[in-house]
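Have a look at the structure below before the remarks.
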Amino acid sequence: MRLRCTVNGRTTECSTHPMRRLLDILREDLGLTGTKEGCGEGECGACTVLLDGAPVTSCMVPAIQLEGRDIRTIEGIGSPKAPHPLQRLFVEEGAVQCGFCTPGMILAALALLQDNPTPDRAAIRFALSGNLCRCTGYEAIFRAVERAAAEDVPTFPPREGMQNDTPQSPRFDPGEEGRFTVPRTLDEALEHLAEHPGARAVLAGGTDVMPDMRKRGTLPESAVDISRLPELHRIRVQRDRLHIGAGATNAELQRNPNVQAHFPCLVEAARRSGAPTIQHRATIGGNLMTASPAADLPPLLMALDASVTLACSGGTRTIPVAEHITGYRETACHGQELLTEISIPLPGRGRVQRFSKRATRQGLSLARVALGCSAGLFEGRLGDVRIACGSMTPVPMMLEEVMAFLEGKHPDSETIRRAGELAAAAVEPRKTPHFRKHATRGLVEQFLREFQP
């Protein structure tokens, strides 16, 4: 296919395979080798670039999504003779040693400063949590970013609205037509799936598709890119439910005022699900469609009694999230269907809803234990209790015995202790069972103690 985009302020054209990684295009075709490849799976941050102003790992971005986009690499920040002020501060603070992580680290820091010109240490740590460094110990890096904030260094503002603009399609070669497509509307996407059931790759954030592609060592033979369909990014309250487009990213969930107002637990889950570079790519629909037992959002959505809408050219159907994931990496979605929306009933007064996660690395690690909890207190008694856990079984599971035990109980110390015991007994993790059972018990008890005076 023939691709046209903007790289470091210059219009650039190239010919490439639709599923080739942005990382490879930058390094091999454009000679921009400042962008480094580390893990190739979005975990190390070495390949971070700014895509329409947002920090993303370029190993996760396929070429089919780049038409009309704005890309900035470390070469577009400064030069050896005229370094950007942040580059100068990295040198002055000793934040550069081997230098392999530095390009990605600087771009992630610039993205932070353009969104938050006066970040505190916690905000800096979080913004850089997806960028690994094995030399500096991070302290010098944090100091450099703090000095940059104090000196008000210039940044590169994002192009407003690009994420949700009408998709632009590259010019596909004759042999690619029909196998690869960038639909302009949801209806077009559904028509394509009807004509090509079982398309090899349905692309949104690509945070699951791209690493799998790398592991296989082959490029998909067909793909439909739905990443910028406006219909899939809408988040709205309608009647008594919050409706979230399946293409909404974790970053969008955190920023949306409706999600913030009604479901701070979902904001927390989105914030804990991947590093910021991943959060600008990963979508709520993708988190459900991968059906990974370690996915962060499904247990919480199950606890919130959420439903999903599955659409095809012939119509739609709505099912509970608990019925959507049918097995390990399996869902109820048929080959011609697309998950288009997640809807959640608004919480009533007095309800407490929480997301908890235990992992080895705060910024990116998969959960070793993930828990979604929701309950209300009615005249001093617990009611409508819903608790779901993930990362310990092939599919997320509701803790039915715990829920039944708690219904109608006073949240006294003995009730909480017994509920914790039941929760620990209900899970049967294959790995590190003692830790995971203990953690599950502790998290359930921690949630229930919120109801005590």
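Of note, residue 78 satisfies the criterion of being in a loop (DSSP other than H, G, I, E, B), small (Gly, Ala, Ser), modelled with pLDDT under 95 and over 22 Å from the mean Cα position of the chain (by Cα). Listed by first and then second residue, the pairs with beta-carbon distance under 6 Å, at least 6 apart or on different chains, first residue in segment 7-24 and farther than 16 Å from residue 207 by Cα and without any contact (Cβ under 8 Å) to a residue 24 or more places away in the chain, second open to solvent by 60 Å² or more (accessible area, probe 1.4 Å) and acidic (Asp, Glu), are 14/29. Only residues that are open to solvent by 50 Å² or more (accessible area, probe 1.4 Å) and in a helix (DSSP H, G or I): list them for segment 134-151, please. Of everything in segment 134-151, those that are open to solvent by 50 Å² or more (accessible area, probe 1.4 Å) and in a helix (DSSP H, G or I) turn out to be 139, 143, 146, 147, 150.
Conditions (1) acidic (Asp, Glu); (2) open to solvent by 20 Å² or more (accessible area, probe 1.4 Å), marked per residue:
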| position | (1), (2) |
| --- | --- |
| 90 | no, no |
| 93 | yes, yes |
| 108 | no, no |
| 111 | no, no |
| 132 | no, yes |
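To keep it simple, each residue is scored yes or no on (1) under 25 Å from residue 345 (Cβ atoms); (2) surrounded by 19 or more Cβ atoms within 10 Å (Cβ to Cβ); (3) modelled with pLDDT of 95 or more; (4) not charged (D, E, K, R).
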residue	(1), (2), (3), (4)
376	yes, no, yes, yes
385	yes, yes, yes, yes
390	yes, yes, no, yes
402	yes, yes, yes, yes
408	yes, no, yes, yes
423	yes, yes, yes, yes
441	no, yes, yes, no
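Checked against the criterion of being open to solvent by 20 Å² or more (accessible area, probe 1.4 Å), within 16 Å of residue 34 (Cα to Cα) and in a helix (DSSP H, G or I), segment 63-72 has no qualifying residue.
Output yes when any residue across segment 344-355 is within 17 Å of the chain's Cα centre (by Cα), within 20 Å of residue 253 (Cα to Cα) and modelled with pLDDT of 95 or more, and no when none is. Outline the logic, then answer.
Taking segment 344-355 and keeping what is within 17 Å of the chain's Cα centre (by Cα), we get 355.
Among the residues that remain, those that are also within 20 Å of residue 253 (Cα to Cα) are: 355.
This time we only want the ones that are modelled with pLDDT of 95 or more, so: 355.
Yes, because at least one residue in segment 344-355 is within 17 Å of the chain's Cα centre (by Cα), within 20 Å of residue 253 (Cα to Cα) and modelled with pLDDT of 95 or more.
Annotation note: of 9, 34, 53, 42, the sole residue that is among the small types (Gly, Ala, Ser) and open to solvent by 20 Å² or more (accessible area, probe 1.4 Å) is 9.
List the helices (runs of 4 or more DSSP H) inside segment 213-289, counting only whole elements, that have at least 2 residues being in contact (Cβ under 8 Å) with a residue 24 or more places away in the chain and of a type in the set (A, V, I, L, M, F, W, C).
Numbers: elements: 250-255, 257-262, 264-272, 276-279, 284-289.
Those helices (runs of 4 or more DSSP H) span 250-255, 264-272, 284-289.
The values are calculated or read from the model by the stated rules, or taken from the named source; none is laboratory data. Please read all numbers here as calculations on a predicted model, not as lab measurements. Backbone-built Cβ (ideal geometry, glycine too); neighbour counts: all protein chains shown. Just so you know, the surface numbers come from the protein's heavy atoms only, side chains and all, with ligands and any DNA or RNA stripped out. Shrake-Rupley method; radii C 1.70, N 1.55, O 1.52, S 1.80 Å.
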